[in-house]
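Below: the structure, in structure tokens.
The values are calculated or read from the model by the stated rules, or taken from the named source; none is laboratory data. The structure presented is a predicted model; accordingly, all values stated were derived computationally and were not measured. Reconstructed Cβ throughout: ideal geometry from the backbone, glycine too, with neighbour counts over all protein chains shown.
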Amino acid sequence: MSDTFKALEKQFYSDGYRLAMNAVKEGYSPESLQAAVGEMHRMVDEVIAYFSEYAEKQNKAADCKKGCSWCCYQPVFALSYELDNLHEFLKQNFSEQGLEKIYQRAEAKRVKLSGLQGEALLNSKFACPLLENDVCMAYSARPVACRIYLSSDVNTCKKFYNEPESKDAVPALMDFPMRMGRMINEGFRAALKANGVIVQEFRIEEFPGIERQ
């Protein structure tokens with residue numbers, strides 16, 4: 001890893017840490033945390049936008065576009081503060097009927113994946129409860145894990161969907177946005193933990209908030 005790359009990772013980690021620390025200093029309310037998570041998401045999106053512009057000039061653009069949902073059938077892991085933010089978005093933007101539909105889908109996926117571990121879980125293919133007609137219904141509130149999952153070749157994503165147990169079925173993921181996005185999120189998480197905030201990791205469908213109230 002180059003010194004420049006290491007310096008960038010350190011900077012993005014620090015940026016994430018600063019965002020969460022500011023939320024704590026403001027009194028650590030659900031509102032301040034949601035605002036900080038939203039700012040973190042905007043920061044990750046900016047990194048991806050700048051990277052994508054550079055990649056296009058190098059003829060190495062991501063092969064992802066609206067309606068491409070091959071990655072939306074695998075388990076998505078996210079941290080509790082992101083899922084709190086997602087749950088609040090759902091409550092504000094969906095009717096009771098719409099929420100019930102999402103809850104039913106989440107329950108179906110929980111049951112489907114129940115008992116799976118290791119590679120069996122990671123290779124499982126079952127639609128995200130937020131996927132509707134190949135489009136994410138909560139796109140603006142999606143977790144960092146979804147934002148940074150960019151592939152340079154959609155055919156590798158199709159192969160992983162159709163042949164998840166094959167050693168040759170490996171999505172051509174773009175390393176830079178994935179690593180930098182993770183560092184921002186890790187910095188954010190570290191700041192909260194340093195202030196005694198419990199941070200847990202869940203799959204989207206198993207998060208306690210994605211259930212009937």
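Here are the criteria: (1) under 14 Å from the mean Cα position of the chain (by Cα); (2) closer than 20 Å to residue 135 by Cβ; (3) part of a helix (DSSP H, G or I). Tell me which single one residue 84 does not satisfy.
Among (1) under 14 Å from the mean Cα position of the chain (by Cα); (2) closer than 20 Å to residue 135 by Cβ; (3) part of a helix (DSSP H, G or I), residue 84 violates only (2).
Any residue at all in the range 50-63 that's out of contact with any Leu (no Cβ under 7 Å at 6 or more places or on another chain) and within 15 Å of residue 142 (Cα to Cα)?
Looking through the range 50-63, none of the residues is out of contact with any Leu (no Cβ under 7 Å at 6 or more places or on another chain) and within 15 Å of residue 142 (Cα to Cα).
Taking the criterion of being over 24 Å from residue 173 (Cα atoms) and either among the β-branched types (Val, Ile, Thr) or within 20 Å of the chain's Cα centre (by Cα) (or both), would at least one residue in the range 38-56 satisfy it?
yes
Conditions tested, residue by residue: (1) at pLDDT below 95; (2) hydroxyl-bearing (Ser, Thr, Tyr).
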{"residue": "125", "(1), (2)": "no, no"}
{"residue": "130", "(1), (2)": "no, no"}
{"residue": "143", "(1), (2)": "no, no"}
{"residue": "148", "(1), (2)": "no, no"}
{"residue": "152", "(1), (2)": "yes, yes"}
{"residue": "155", "(1), (2)": "no, no"}
{"residue": "160", "(1), (2)": "no, no"}
{"residue": "164", "(1), (2)": "yes, no"}
{"residue": "167", "(1), (2)": "yes, no"}
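On the basis of being surrounded by 18 or more Cβ atoms within 10 Å (Cβ to Cβ), closer than 14 Å to residue 16 by Cα and either at pLDDT below 95 or touching a strand residue (DSSP E or B) at 6+ places or on another chain (Cβ under 9 Å) (or both), does residue 182 make the cut?
no
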